[in-house]
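One structure is given below, encoded as structure tokens.
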Amino acid sequence: MSEYRHFDSRKPKGVYVTFKNVRGTAQALIGIVNGCGTRYAVSLPYHRAFRKNIEEQIAALKEDLPLIGRAAADLEDDDFEMVKVHDDDVDYDLENELALAGLEEDDAEHAALIEQIRDRAEAFEDGEWHYVGTRARATVWIESKDGLVRYVFESAGLWGTESDSDDDYFESIFEDECSNLKNDLVMLAGPITYEGESDQRMAA
């Protein structure tokens with residue numbers, strides 16, 4: 001499964017691919033620079049283990065990428081699913097929340113609001129809610145020379161959402177993520193700029 005992540009690039013709109021050798025398996029490092037200024041990077045491993053030669057694996061990936069792009073154009077709503085991921089990088093900090101609200105703990109005039117923020121912080125500490133990232137996951141099937149192949153992709157996601165937010169809010173995030181993911185995958189239909197190949201070995 002491939003997961004989109006943001007990366008910093010000043011390149012013009014397009015798709016940029018570099019290949020890596022990861023413990024004997026070819027991996028396509030794909031940079032997608034879209035027209036909205038959002039930039040993604042996805043690592044796509046070779047999927048057919050019976051091709052042992054790295055050059056053959058790279059050739060197979062080069063054949064698959066445009067097929068993925070063309071197949072993505074036909075994705076329907078039912079081909080996507082919502083994925084929520086626990087966001088461990090964000091804490092609900094009482095002092096920070098009070099500062100954002102322009103309050104101090106001893107502000108008697110806004111005691112009720114301060115108590116709400118304090119209760120929210122306690123609920124966070126007690127595990128009653130947490131922050132999540134919301135992604136769209138898409139399954140793409142292609143007909144390659146070796147048969148029917150399944151690829152699974154996830155969008156970069158929107159992070160820092162409170163887990164007990166209402167369903168309508170999550171649905172709105174999901175719709176945006178589905179649209180972004182589909183638009184980016186369609187770009188794989190071409191043109192693709194291949195920026196070189198490397199035998200660099202990386203940890204799996």
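Bear in mind these aren't lab numbers, they're just calculated from the coordinates by the rules spelled out. None of the values given here were measured: they were computed from a predicted structure. Backbone-built Cβ (ideal geometry, glycine too); neighbour counts: all protein chains shown.
3J(HN,Hα) couplings calculated from phi for segment 134-151 with the Karplus curve 6.51 cos²θ - 1.76 cosθ + 1.60 (θ = phi - 60°) are, in sequence order, 10, 10, 9, 10, 10, 9, 10, 9, 10, 9, 9, 4, 9, x, 6, 10, 10, 10 Hz; Gly and Pro show x. For segment 80-204, the residue among Trp141, Gly127, Ile117 whose Cα projects farthest onto the positive side of the dipole built from Cβ charges is Trp141. Fully extending the segment from Val152 to Glu195 would add 13.1 nm, taking 0.36 nm per residue of separation and subtracting the current Cα-Cα distance. In summary, the aspartates and glutamates within cross-link reach of Lys20, defined as a Cα separation below 17 angstrom excluding same-chain residues under 8 places away, comprise Glu3, Glu55, Glu56, Glu63, Asp64, Glu195, Glu197, Asp199. Between segment 122-138 and segment 64-93, how far is it from one alpha carbon centroid to the other, in angstrom? The distance from the Cα centre of segment 122-138 to that of segment 64-93 comes to 18 Å.
Highest-first packing order for the peptide set 112-120, 64-72 is 64-72, 112-120, based on the mean count of other beta carbon atoms within 10 Å.
The ranking of Lys84, Lys182, Lys11 by Cβ neighbour count inside 10 Å, starting from the fewest, reads Lys11, Lys84, Lys182.
Taking 30 Å as the limit for the C-alpha separation, the pairs Lys62/Lys182; Lys13/Lys52; Lys11/Lys52; Lys13/Lys62 exceed it in the case of Lys13/Lys52; Lys11/Lys52. Considered as an equivalent ellipsoid built on the Cα gyration tensor, segment 40-168 has semi-axes of 48, 15, 11 Å, the largest given first.
Under 5 Å from the amide H of Ser144 lie the amide H atoms of Val149, each residue being 5 or more positions distant or on a separate chain, with H modelled from the backbone and absent for Pro and chain starts.
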